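Working notes for the structure below.
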Amino acid sequence: MMQLPDVSLLPMLPILLVLLGAVAATVLGFTLHRRSVAVLAIITLLLSAVSLVPLWNRGLSAFNGSLQADNPALALAFVLLLGGALTLLVSLDTAYRARLSFPEFDAMLLYALSGTLIIAFAGDLITLLIGLEVMSLSGYVLVTLQDSRRSDESGLKYFLLGATGSAILIYGIALTYGATGSLNFAGIASAVSGLQTLNQPLLTAGAVLLLCGFGFKVALAPFHQWTPDVYSGAPTVVSLFLSTVVKVAAFAGLLRVFGGALLHAPGWAAALAVLTAATLVVGNLAAMFQQNFKRLLAYSAVAQTGFLALTLLGRPEQGGPALSYYLLVYTLTTAAALAVVAALQRSEAGLEINDMRGLYYRHPGYAVALAICLASLAGLPPFAGFMAKYMAFQVAFQNGYAWVAVIAALSSIAAFVYYMRVAALMFMPDRTPAREYNGVRPATTFSVALGVAAITALGILPNLAYGWVAYPDIWTRLAGT
Amino acid sequence: MIHVFLFLPMLASLLLMITPVRWREEVAGFAAAATLGIGLWMWGAGGAALFSVGWIPALGVTYSVALDGVSLLLALITALMTFVAIIYTARRIHNPGTMLSLILAMETGLLGIYAARDFVLFYVFFEDALIPALLMLAIYGKTHRMAALIKFGAYTLLGSMLMLVSIIGYKALGGSPSFALSDLIANPVKGAAQTWLYLGFLAAMAVKLPLFPLHAWLPAYHEQNHDSGVADVMGTLYKVGAYGLFRFGVTLFPDASLELRPVLMALAAFTAIYAAWVAFHQTDWKRLLAYAGLSHMGLVGLGIFSLNETAMIGALYLLAFQNVYTGALFLAAGMVQERVGSLSTRVGGLMTQAPILSGVTMSLWFASIAVPGLAGFIGEFSVLLGAYQVSPWLAFIAGLSTIAAAVYALSAYQTTYWQARPLGAIRVLDLQHTEWLVLGAPLAVAIFFGVYSGPALNLIQPVVRALIGGGA
């Protein structure tokens, strides 16, 4: 008899289901039409989301803590699955036009998604790295899948800078291992508390390198430079995926490492504060000068990274709930905004800002939805973006980073200008004939409606989502035990 | 009842989107009238007591609302002017559904500002009033609205964001369990931190007030708005800065208010006189009204910043009724524009063909330049009387603005309504249909409260007394 290793499958169920879906998409792609594969993929994601429910509050783990299905992991996994499902829904309508309509797209997307889930569930640095690489490699393929010059260029850029980021990250892992003698988050955390002074510099270097590596993945300035090019060059559906799911996963990794394992390590918090401030300023100012709406959204994604990173400056019991709420809102908002772009664009270059003039009179529903998304991104109540920003400010402020909060507040004005310029243009009367692509897009419309309804509801009643994660004690054990 | 009062306009606003086109005006008018009716009913019942429930318990954000004297008065004025604006919009603007919807949405924001007794809730309503204002400008504005819009938005948000940081800071540093005003007052921040937080809070309020040098958005905003003046009526209602300073500024930052009093009073006095001077040079009625409003807001600011009971009562009185007559004047300017196709102050001779419109406009201007017997006088006189006790020179300088007001108002009035009608100019119609109500109701209010200030003072005085007694 073969002896099975000590593996419990239950905590891995959400990941396994997605992985199963990915394999099924790969195999069935030979016989089934692409739409059927996509529908199958959406069902897999739904199943995976359902499988999160029985794991809630159980705190299960597998592989001796290398994989943790604790509440933070489950909450973030939900956001990831939501982002994946929204991407697939939008792709149902737009993939054909974007010349992405083959089953490999769905397969790659599910592989990437399983990688992101592994990051969220990671309990040690190797698991984290595996998840990150699975996600990144699938991501490189997704970007180039369209077979156009623009997307090839984006893919190459994404690959080169992503690989650099990974290399730096691995270096950071090595140094951290050298300093603490452990790859396990819990082990690192306990080693950090009782660290020899001799190992301090090594640990600091490791932590900062890890931060830089993650900085590439989440697009913290000055490591953000690939973002606008890749997001605007990639097919819009893929941009949607990259700017939501991939970013959420990278933040999940950041939270695991810096909110858990390296929480008490010296140095990184100050570095993160500086990077955050730089990201806020650079992202917001650069977005002001964009003429292409998709590119604007790319820079706005950089700016939002800055706001998200504010939550990491605090203690995890405050920052964790704020981060997970913000990520949920960010995913819904960005997905809905990019879905509108995907639905209306004539080419994969997206829409020019000037094309937005009078959109309200041609596509009132999409225009209002996009305006709500932009208002939410700008942080205007009663939309959820306000609550998210407010929580982020609060976390930074309460932990002595008032100056970063003030910089965030000031850079929000630039954000307001570029979001509102677009929003206002949409409502200005315009007599030129329609310039948008016209067609029936039920799935896209559904995902836009879902996003807009959710950000409105979550803005008025934040507790619908926040109430689930607002327990400090679930965030104090991010490193596991 | 207070919740119905607050959210009925918003519900009606959403309802308008699915209402058939031919019923929209009736629905909007009914909603505005019902809101005003509920407001009056609450006045009869003595306001609404504090209602507080947790909104986001984990963060200490509560939904706390109350309508005491000052809030009730301002809310009633808002409801009245919204009703007037709705009546006028229904007649003046072609296919008014969107505009009606925006007006009602904005009403909820404004009423909420006056009712909020939680700092975060106040911020939420504060921003909520902004979105419809921006949309009005975007949809109904003139050629150069984009610049005006961005200026307006950027200034406002600059203030709002700093206020948000200061709100967060107040709770964090003071250690209050929630953002409810009573909790914040019980856990004050002391020392230098209070001054810094006050400056952040002040940034938002000074933009809205507006106070020199943060006023630059105001003239462009009014000039680029729709000619009818409806958007401007809502814009004048938007002057919630003074109320915010009164309700939150003075109570939460007593030491800082006292410390910064000379500077702020000087800025307010300068704003009053500077705006009056600029108003004198305007040839566009809307710009003139914008600067006139700015000048009055300087006086309001002077009253609030002086921390003197008389001046503060006067400031709130002025704040409440300034909305009425300035709002009506914006609508009157819109009526003139509708008739002669221009907002220029050099039209000439309207009096001969539209005597009632001209007469009512003149009476409203009299209220605005503080002629005794009209509501403006009581407010301005009390402000100056109170401010004199604190700083005679600043009161004197600010007092000059009331003389300047007479100069700019009457000279512009003279070139528009008197003089000769140019040869070949179209015939100007007098007030018609609902226009009687639109200008008549505000004028009646201005006269009533100019002669008989008791009911309004009864609302303002106890609150101010309690606040000065407990705060400064």
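Observations, loosely collected:
- The slack between A:Thr31 and A:Tyr437, meaning 0.36 nm per residue of separation minus the straight C-alpha distance, is 143.1 nm.
- For chain A, the Cβ-based charge dipole about the Cα centre amounts to some 840 debye (Lys, Arg positive; Asp, Glu negative; other atoms uncharged).
- For the range A:101-232, the alpha carbon convex hull comes to 89 Å³ per residue, rounded to a whole number.
- Mean projected area (nm²) of the alpha-carbon convex hull when the range B:260-472 is viewed from all directions: 11.3 nm²
- When the trypsin sites (Lys or Arg not before Pro) in the range B:161-250 are filtered for DSSP coil states and for at most 13 other beta-carbon atoms within 10 Å of their beta-carbon, the remaining sites are B:Lys190.
- Percent of Cα-Cα distances greater than 51 Å, calculated over the protein assembly as shown: 24 percent
- Amide H to amide H distances under 5 Å link A:Leu60 with A:Ala69, where only residues 5 or more positions off or on other chains count and H is placed in the peptide plane.
- Cβ-based charge dipole, the protein assembly as shown, positive-most Cα from B:Thr271, A:Ala392, A:Ser36: B:Thr271
- Computed accessible area, B:Ile403, all protein chains, 1.4 angstrom probe, square angstrom: 100 Å²
- Threshold 40 Å², the range A:363-385 residues less accessible with all protein chains present than alone (1.4 Å probe): A:Leu380, A:Pro381
- Over chain A, relative contact order from alpha-carbon pairs under 8 Å, at least 6 apart, %: 16 percent
- Buried on complex formation within the range B:129-143 (loss of at least 40 square angstrom of accessible surface versus the isolated chain, 1.4 Å probe, ligands and nucleic acids ignored): B:Ile131, B:Ala138, B:Ile139.
- Gyration tensor analysis over the Cα atoms of chain A returns equivalent ellipsoid semi-axes of 34, 26, 20 Å (largest first, whole Å).
- Think of each Lys and Arg Cβ as +1 and each Asp and Glu Cβ as -1; about the Cα centre, that makes the dipole of the protein assembly as shown roughly 1160 debye.
- Relative contact order (percent, whole number), the range B:278-339, Cα cutoff 8 Å, 6+ residue spacing: 30 percent
- Rolling a 1.4 Å probe over the protein heavy atoms gives the range A:9-476 an accessible area of 32 Å² per residue.
- The distance from the alpha carbon centre of the range A:110-179 to that of the range B:301-377 is 65 Å, rounded to a whole number.
- Take the accessible area of A alone and of B alone, subtract that of the pair with a 1.4 Å probe, and the total buried over both chains is about 3100 Å².
- Restricting the range A:33-83 to trypsin sites (Lys or Arg not before Pro) in coil, as DSSP defines it, with at most 15 other Cβ within 10 Å: A:Arg58
- Measuring nothing but protein heavy atoms, the accessible surface of the protein assembly as shown at 1.4 Å probe radius is 69 percent carbon and sulfur.
- A:Ala278-A:Leu10 pseudo-label distance in nm [points 7 Å out on the Cα-to-Cβ vector]: 4.6 nm
- The longest part of chain A holding none of the exposed loop chymotrypsin sites (Phe, Trp or Tyr not before Pro), meaning those outside H, G, I, E and B in DSSP with at most 11 other Cβ atoms within 10 Å, is A:31-288.
- Low-density loop cleavage sites - trypsin sites (Lys or Arg not before Pro) in the range A:406-445, where at most 10 other Cβ are within 10 Å (DSSP): A:Arg431
- Ordering A:His224, A:His363, B:Asn458 by Cα displacement along the dipole of the protein assembly as shown toward the positive end leaves A:His363 in first place; charges were set at the Cβ atoms of Lys, Arg (+1) and Asp, Glu (-1).
- Between 0 and 90°, nearest 10: helix A:13-28 axis offset from chain A longest Cα axis: 50 degrees
- Across the range B:260-472, the mean sequence separation of Cα contacts (distance under 8 Å, 6 or more residues apart), normalised by length, yields a relative contact order of 30 percent.
- For the range A:182-332, the Cα-based Rg and Dmax, in that order, read 16.1, 53 Å.
- D by Stokes-Einstein for the range B:300-371, Kirkwood Rh over Cα pairs, 4 °C, 1.567 mPa s: 94 µm²/s.
- Shielded residues, the range A:397-422 - accessible-area loss of 50 Å² or more between chain alone and all protein chains, probe 1.4 Å: A:Phe397, A:Ile413, A:Phe416
- In terms of Cα atoms, the Rg and Dmax of the range A:401-454 work out to 17.4, 50 Å.
- Once Rg and the Kirkwood radius are both taken over the C-alpha atoms of chain B, their ratio Rg/Rh works out to 0.95.
- In this structure chain B gives 32 Å² per residue of accessible area when probed at 1.4 Å with all protein chains present.
- Taking Cα atoms only, the orientation of helix B:285-305 departs from the longest principal axis of chain B by about 30 degrees.
- With Cα atoms, 0 to 90° folded angle of helix A:316-344 axis to chain A main axis: 30 degrees
- Taking Cα centre as origin and charging only the Cβ of basic (Lys, Arg, +1) and acidic (Asp, Glu, -1) residues, the dipole magnitude of chain B rounds to 560 debye.
- Residue-averaged [θ]222 nm for chain A, counting only DSSP H segments that reach four residues, each worth -39500 (n - 2.57): -23500 deg cm²/dmol
- For the range B:185-243 versus the range A:410-481, the spacing of their alpha-carbon centroids is 27 Å.
The values are calculated or read from the model by the stated rules, or taken from the named source; none is laboratory data. As the structure is a computational prediction, the values presented were derived from the model and not from experiment. Every residue, glycine among them, receives a Cβ derived from its backbone with ideal geometry; neighbour counts consider all protein chains shown. Only protein heavy atoms, including side chains, enter the accessible area calculation; ligands, DNA and RNA are left aside. Shrake-Rupley method; radii C 1.70, N 1.55, O 1.52, S 1.80 Å.
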